[in-house]
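For reference, the structure discussed in these notes is given below.
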Amino acid sequence: MRVVFTHLIGTKKGETERFDGSAISIGRAPNNTLHFNDQKRVSAHHARITRKGNTFELSDLGSTNGTMINGRRVAAAIINQDDLIEFGAGGPLVRFGIEPDGSSSPLDGSPAVAPPTEKGVESSANKPDGNHAAPARTGNAMLVVALAAAMVVGGFGGVLLSGRLRVAEPAAMSFAEVAERNSGAVVLIRTQFELVDETGEVTLRDARSGSGFIISSTGLVVTNRHLVREWEYAETPAGASGRTTSIEVIMPGEKIERAVPAKVYRLSENAETDVAILKIEPLPSIATVYGFEPDLSRINQGDEVAVIGYPLGIELIHTTRDELIDNSLCAGIVSRVGQNDIQLSLRVYHGNSGGPVLNRKGEVIGILTATLANAQDLAVSTPIAKALDLIRGDPGYRQDQDQ
């Protein structure tokens, strides 16, 4: 068995590294197995992965910036196939995998199982007594029938007790696949604004940064209203008014200096809805998000979700001194589905606001809108339908949806 790391962001993005052995050290120092020599968020000796029987355990080695598994910081935890591991907040993000070696025996030391013979007929060579094969299969068949019956009865009872019927979903993507299909469309947004008093004199100049995502090849970008109209969501002096002086969008993998100008295209009718649509000039090869799920009846409590964005915004970029910006992914679950919001159980930060909330099919279900001050692991998102309603009928958007 080999451990496989697929790099999702950073200078090694797209690369795959494979390692054998019972222990894998990770860090910035050159003597590590998995070596990040140019990542300032990674400590010299950051973490270790140890094989224990048929499982793998990740241990943080007291790193400065922490180790996250699927968006949650851990000291030690078992890792599984397709888990996302982030070394330092805003640092390298890898997908963990286990690759079987055809010549090796199972991890637990038990003898390898012989492959099936032609036409799927089980070979009798591995059976202690061929006469016992049929009763064993009969017993297994009865067990399957019993389990199936229990599942039918339990499922029927669940339908009776629940006001919502789950819609059968196709095979879910891994979070790594969700990231691969959407991260290229998630942008960093930087806005500048002024407050003016009743005489027209400027009393404050300030800036904000957050996330957004491109939804059409014509350059439509979804984000939060509060990112472009900050003064509507803060206490301002009596008689003061605000105005946005500039909006810039920075594509993932670009330098901050290569920001492109944007303008407000549509706004929600009121501040409570907190949705804005920006417009940038179409680029030669512009990425858009994979798809949408606007139907709240298809979103269920307990569904796994991912948020892609820029935690801490420009502030994190300045801290890490990265030349190119890259977004981050954190994972969690839907904790409540309301009429006007989707509550999430996951940890995000300012700067993530405006980023897409994605289901395991890679579809946007919401726009990350707010965190709760007294509950760090709870966040609120606005259903994506609120944004789609603003641009319904837009020629560029309709063209993309028909493709």
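The values are calculated or read from the model by the stated rules, or taken from the named source; none is laboratory data. Note that the structure is a prediction, hence the values are computed from the model and not measured. Don't worry about glycine lacking a Cβ; one is built from the backbone with ideal geometry, like all the others, and counts go over all protein chains shown. Remember, those area values only see protein heavy atoms, side chains included, never the ligands or the DNA or RNA. Shrake-Rupley method; radii C 1.70, N 1.55, O 1.52, S 1.80 Å.
Restricting attention to the range 167-214, the residues that are touching a Gly at 6+ places or on another chain (Cβ under 8 Å), of a type in the set (A, V, I, L, M, F, W, C), under 26 Å from Asp303 (Cα atoms) and open to solvent by less than 20 Å² (accessible area, probe 1.4 Å) add up to 4. On inspection, Asn327 qualifies as touching a residue at least 40 places away in the same chain (Cβ under 8 Å) and either of a type in the set (D, E, K, R) or closer than 17 Å to Gly354 by Cβ (or both). Has the range 308-320 got any residue that is touching a helix residue (DSSP H, G or I) at 6+ places or on another chain (Cβ under 8 Å) and open to solvent by 40 Å² or more (accessible area, probe 1.4 Å)? Yes, the range 308-320 has at least one match.
Within the range 60-67, does at least one residue satisfy the condition of being within 17 Å of the chain's Cα centre (by Cα), closer than 27 Å to Ile333 by Cβ and either part of a strand (DSSP E or B) or of a type outside the set (Phe, Trp, Tyr) (or both)? Checked the range 60-67: at least one residue is within 17 Å of the chain's Cα centre (by Cα), closer than 27 Å to Ile333 by Cβ and either part of a strand (DSSP E or B) or of a type outside the set (Phe, Trp, Tyr) (or both).
List the pairs whose first member sits in the range 31-52 and is without any contact (Cβ under 8 Å) to a residue 24 or more places away in the chain and closer than 18 Å to Gly10 by Cα, whose second member is among the basic types (Lys, Arg) and in a loop (DSSP other than H, G, I, E, B), and whose Cβ atoms are under 9 Å apart, counting only residues at least 6 apart or on separate chains? So the pair list comes out as His35/Arg28; Asn37/Arg28; Ala44/Arg28.
Only residues that are farther than 23 Å from Gln339 by Cβ and at pLDDT 95 or above were counted in the range 260-287, giving 9. Which residue is modelled with the lowest pLDDT, if the candidates are limited to the range 15-62 and must be open to solvent by 60 Å² or more (accessible area, probe 1.4 Å) and within 16 Å of Gly97 (Cβ to Cβ)? Ranking the qualifying residues of the range 15-62, first place goes to Asn54. Among the residues of the range 276-302, those identified as outside any loop (DSSP other than H, G, I, E, B), open to solvent by 40 Å² or more (accessible area, probe 1.4 Å) and either farther than 15 Å from Val260 by Cα or of a type in the set (Asp, Glu) (or both) are Leu296, Ser297, Arg298. Number of residues in the range 303-318 that are under 24 Å from Val337 (Cβ atoms) and either assigned to a loop (DSSP other than H, G, I, E, B) or among the charged types (D, E, K, R) (or both) equals 2.
Restricted to the range 215-274, the set of strands (runs of 3 or more DSSP E) holding at least 3 residues that are open to solvent by 20 Å² or more (accessible area, probe 1.4 Å) comprises 241-250, 263-267.
Consider the range 188-208. How many of its residues are small (Gly, Ala, Ser) and part of a strand (DSSP E or B)? Residues flagged as small (Gly, Ala, Ser) and part of a strand (DSSP E or B) within the range 188-208 amount to 1.
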